[in-house]
Amino acid sequence: MLSFLVRRERVRLRGGRAATLGTALIPILSPYEWGEGGKAVSETQNVQRSGIAPAAEAAVGRVVGGLAKLLAIVGGILLVALAVMSVVSIVGRAFSRLGLGPVPGDFELIEAGCAVAIFAFLPWCQFRQGHVTVDLLGSYLPPRPWAFLAVAGNIAMSIISAVVAWQLWLGFRDKLAYGETSMILQMPIWWGYAAGVVGAIVFVATCFYTVWRSLNEAIAGKTTASEAHL
């Protein structure tokens, strides 16, 4: 929103009188616009006024966003730990003549850890609309039809995430029932599946929330900055 700040230049003359030299309009960019009663309302809040239970959607969004961000942080820490472990393993293998050696089961740890990290990142990526997309028709559509197209995309992602989560759950049940372990560390395979299921469930919840959010934005006739470039 473009606003203007009125600036008046005043000087003190002899005798204590004040005179106005001039008035300037200073353009400023403001994320607020004036609502009822003269209260400043942010553009985001203004968009959320219309739609399906906008207040509840905002509250759920804070919870879902916080949980998705927490999982992403955990996934990042996990990847850093795997990277450090890989360096230690490579250095140990290079200096094996000095009595060092690789980390036992490093490939097994990387395989399981990377899979868990991927499912930890997916909810935050969906919440921030960070998936890679291809713009074919966006430049030819007005905002409201394009907003409903974003709703359709979130619905499709919700269906896909639900199928992936269900299949991952079935795999977790099988690995847990058979007690399968890794070859070197003898680590139960279901550990990785269990951690992945947690991320998959949060991913499904995030997808359903983004459907709600994008539907409210479509009703308001607006889209988020990231959805506008789908």
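Just so you know, all these numbers are worked out from the coordinates, no wet-lab data involved. As the structure is a computational prediction, the values presented were derived from the model and not from experiment. FYI the Cβ positions are ideal-geometry reconstructions off the backbone, even for glycines, and counts take in every protein chain you see.
For residue 90 and residue 180, what is the calculated FRET efficiency with R₀ set at 25 Å and r taken between the beta-carbons, to the nearest 0.05?
E between residue 90 and residue 180, to the nearest 0.05, is 0.35.
For the pair residue 98 and residue 169, what calculated FRET efficiency results from E = 1/(1 + (r/R0)^6), where r is the Cβ-Cβ distance and R0 = 35 Å, to the nearest 0.05?
0.15
Just need the Rg to Rh number for segment 53-229, please, alpha carbons only, Kirkwood Rh.
1.11
Quickly work out the residue 160-to-residue 140 label distance, labels modelled 7 Å from Cα along the C-beta direction, and quote it in nm with one decimal.
Here the answer is 2.3 nm between the modelled labels.
Amide H of residue 181 versus every other amide H placed in the peptide plane: which residues, excluding those fewer than 5 positions away on the same chain, fall under 5 Å?
189
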